[in-house]
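Structure record follows, encoded as structure tokens.
The values are calculated or read from the model by the stated rules, or taken from the named source; none is laboratory data. Keep in mind it's a predicted model, so treat the numbers as computed, not measured. All Cβ positions, even for glycine, are placed from backbone atoms using ideal geometry, and neighbour counts span all protein chains on display. For the accessible areas, the whole protein counts, side chains as well, though only heavy atoms, and no ligand, DNA or RNA atoms are used. Shrake-Rupley method; radii C 1.70, N 1.55, O 1.52, S 1.80 Å.
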Amino acid sequence: MPVSSQKTYYITTPIYYVNGLPHVGSALSTLSCDVLARYHRLKGEQTYFLTGTDENATKVTQAAEKAGVPAMDFVDGLANAFKECWADLHIANNDFIRTTEPRHAHAVQEFFTRLLNKGYVYLDTYEGWYSVSDETFFRDSEVKDGIAIESGKPVTLVKEENYFFKLSAFTEPLLAHIEANPDWLLPEFRKNEVVAFLKDGLRDMCITRVNKGWGITVPGDDSKVIYVWFDAVINYLAATGWPQDPNWENLWPADVHLVGKEIFVRFHATLWPAMLMALDLPLPKQVYAHGWWTVGGQKGGKSGASLPHPTRLAQFIAERSGAEPDLAVDALRYLLCREMNFGPDTEFSVENCLRRFNNDLANDLGNLLNRTINMMNKYYDGTVPEVDEPDAEIVALAESVCADYEKALSVFRLNDVLEVTWRLVGRMNKYIDEKAPWGLAKAANNGDAESAKALARTLTACLEVTRIVALLVSPFMPSASTAIYQQIGIAEPIEAATWSDTAWGGLKAGGKVTAPKPLFPRIAELTVEDSILYALGSANPPKSETEETSKPVSETNTPPATEAEAAVPNYISIDDFLKVELKVGEILAAEPVPNTTKLLRLTVQSDEDETRTILSGIAEYYTPEELVGRQIVLIANLQPRKMRGIESQGMLLAADINGRAVLLQPDNLVPVGSKVR
Ligand code: MSP
């Protein structure tokens, strides 16, 4: 936690259940917060961005049991998977809290004790419905035929002596707070759902469960653990160092909790603020709820409505477009924020993302950057010219775009923030067509002084806008904005810039642009086959299980990353295994496949008198020279498949070390064609 006398801008994501791998749904909450945090840093505000994992839930232990792994090992593994995924997505969080950490347990127990001492927690018998999947208690009226109406999940009847929180005491205070603070809960239409829920009247909430060996115990009563939601929301306060760290108020209250809509009404707009009110602690300044990525109308991320794993999707974008890996990650960040309708739900589609990649990044932004730099090089030898006065229309447009950008951002509509920014990008591409600098250059060459001035004014306007756009997109695409800065010849690192640099006039005459290099090369093939969606974690297995041959097994045949299934062992019989023909082969030749960054074309001797061509996605990890002469293990009876016009006749086996392929080979040299079993 930062130590300073100044209140820090403090932003939080929900903490993620560690019963499955991250997907683009979980990435949405994290990415939105990252963008907001980066924007506030750009504004020069001290900013603290917290994310983390929710590890004390019953469903987590159930998933660990199914996987046959001790619960702590299980949660360690998945918490690391989240950390790695966020790092891969360039998420710059300041802290990552795990609810199995002592700092969290300590804050939760202290919170509980203080509520008990103030009379807001009491012991009683709970008899009613509980859904393990939702980790929520439901009223009779909220259950039909053993199913929670809201979530469609099964409930069981439980009867236990438990502690209760006097939530009912806070109906009126919460309604009054909403009334007095119209921007506290956003968006407006979701606030109305909260008001309706409150007007129905709050009931006291059962906040403990029988201790089955997992969770935070009730202080002084080891037979019970604290209800996971009651425990989870306290993470936001625990991370500030409350109660023992004297600086906790540097962070608290949080400026915004950003959450998904399903955890807004009951938990973030009702339970958590009521808990804080009970201890006379300040409430978070704002709570914002985004909608879901849906697949076929259902919430994505669940079995049957799978969403891609973010890192795999970014790798796929890099492969399809040929963009540098860091820029492909930035592209994904842009696409997720631009495609999501920050209001209602949005249907997720990989193909829509690719289409938008081409339109917005390869075309609009790419064209502006490339055309501007090319013309600077052509007409001014790359040196930024002096201008008499800037083009007033463009200056005014840039100013209004910056203002609208901030307005949209203040209500968390990140899609609108980008839409507004692209108004400027789009205008400049048209502006170039209208001004026709090539004509001005010709006239200037023929001695027309006005044309010479107009040429300088036009091209510096384009370059200045490109500079401003680099700053505006920097919260969304940090690597791309750095690359743009470099290409337009700004020596200072973009991290040193602040929001005030979005004002017109930052460009200095005499600066030198570099050679243009496309950041987001156009994607030629927009169709995404089912087998690829499956490999991304975004679909159910395709009909033909043997289709994918382009990459090592470890990269392509990973099942979709859906919630609990990710951890469940999936046994096959020995007969199934024997259907796979594994052999030792030897690589006779290796060469890169043109226009791809990952694929190598290998000529493999797979039997005494048999050679075959295999395309393998290992170009990032092995040079062709390293491979020639090496023995490998291959799947020999995989259905051949054409990629990039080349038929691949098999697949190599490789270990997956955090996404890096490490080829398997026999311990000693063995005859080529030897069977592997
Ligand atoms: N552990 C609780 C949150 C406790 S916060 C004190 C939880 N975890 S979760 O892993 O199920 O969800 C975390 C976040 O991911 C939520 O904001 C949720 O809305 C978001 N998403 C999960 N799937 C999503 C989509 N398909 N689309 C968009 N966001 C979704 O709830």
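Take the stretch 559-600 and flag every residue that is modelled with pLDDT of 85 or more, open to solvent by less than 30 Å² (accessible area, probe 1.4 Å) and outside any strand (DSSP E or B).
V593, T596, K598, L599
Do we have any residue at all in the stretch 436-455 that's at pLDDT below 95, open to solvent by less than 60 Å² (accessible area, probe 1.4 Å) and not charged (D, E, K, R)?
no
Return yes when R320 is basic (K, R), open to solvent by 10 Å² or more (accessible area, probe 1.4 Å), under 16 Å from the mean Cα position of the chain (by Cα) and closer than 30 Å to V420 by Cα and no when it is not.
Numbers: basic (K, R): yes; open to solvent by 10 Å² or more (accessible area, probe 1.4 Å): yes; under 16 Å from the mean Cα position of the chain (by Cα): no; closer than 30 Å to V420 by Cα: yes.
Criteria not met by R320.
Is there a residue in the stretch 128-137 that is in contact (Cβ under 8 Å) with a residue 12 or more places away in the chain, in contact with a Ser or Thr (Cβ under 9 Å, 6 or more places away or on another chain) and more than 22 Å from W214 (Cα to Cα)? So that I can check it myself, show each step before the final result.
First, the residues of the stretch 128-137 that are in contact (Cβ under 8 Å) with a residue 12 or more places away in the chain: 128-137.
With the extra rule that they be in contact with a Ser or Thr (Cβ under 9 Å, 6 or more places away or on another chain), the set shrinks to 129-137.
Then keep just the ones that are more than 22 Å from W214 (Cα to Cα); that gives none.
No - not one qualifying residue is present in the stretch 128-137.
When the residues of the stretch 349-383 are narrowed to those that are open to solvent by 20 Å² or more (accessible area, probe 1.4 Å), touching a residue at least 24 places away in the same chain (Cβ under 8 Å) and under 30 Å from A289 (Cβ atoms), which ends up farthest from the ligand (Cβ to nearest atom)?
The qualifying residue farthest from the ligand (Cβ to nearest atom) is R355.
In the stretch 468-499, which residues are assigned to a helix (DSSP H, G or I), farther than 26 Å from M340 by Cα and touching a residue at least 24 places away in the same chain (Cβ under 8 Å)?
Correct list: Q486, Q487, I494.
If we only count helices (runs of 4 or more DSSP H) wholly inside the stretch 254-341, which ones have 3 or more residues that are within 12 Å of the ligand (Cβ to nearest atom)?
Hits in the stretch 254-341: none.
For the stretch 30-70, how many residues are open to solvent by 10 Å² or more (accessible area, probe 1.4 Å) and either among the polar types (S, T, N, Q) or within 16 Å of the ligand (Cβ to nearest atom) (or both)?
7
Do you know which of the residues in the stretch 194-214 that are outside any helix (DSSP H, G or I) and open to solvent by less than 30 Å² (accessible area, probe 1.4 Å) is nearest to W252 (Cα to Cα)?
Among them, the one singled out is I207.
Please tell me if L251 is open to solvent by less than 10 Å² (accessible area, probe 1.4 Å) and either of a type in the set (V, I, T) or in the same structural domain as L237 (by TED's automatic domain parsing) (or both). It would help to see each step written out before you state the result.
Numbers: open to solvent by less than 10 Å² (accessible area, probe 1.4 Å): yes; either of a type in the set (V, I, T) or in the same structural domain as L237 (by TED's automatic domain parsing) (or both): yes.
Yes, satisfied.
Considering only residues that are more than 13 Å from the ligand (Cβ to nearest atom) and among the polar types (S, T, N, Q), look in the stretch 235-253 and name the one that is nearest to I15 (Cα to Cα). Reasoning before the result, please.
In the first step, residues of the stretch 235-253 are kept if they are more than 13 Å from the ligand (Cβ to nearest atom); the result is 240-253.
Of the ones still in play, those that are also among the polar types (S, T, N, Q) are 240, 244, 247, 250.
Numbers: T240: 15, Q244: 22, N247: 23, N250: 21 Å.
For the stretch 235-253, the residue satisfying everything is T240.
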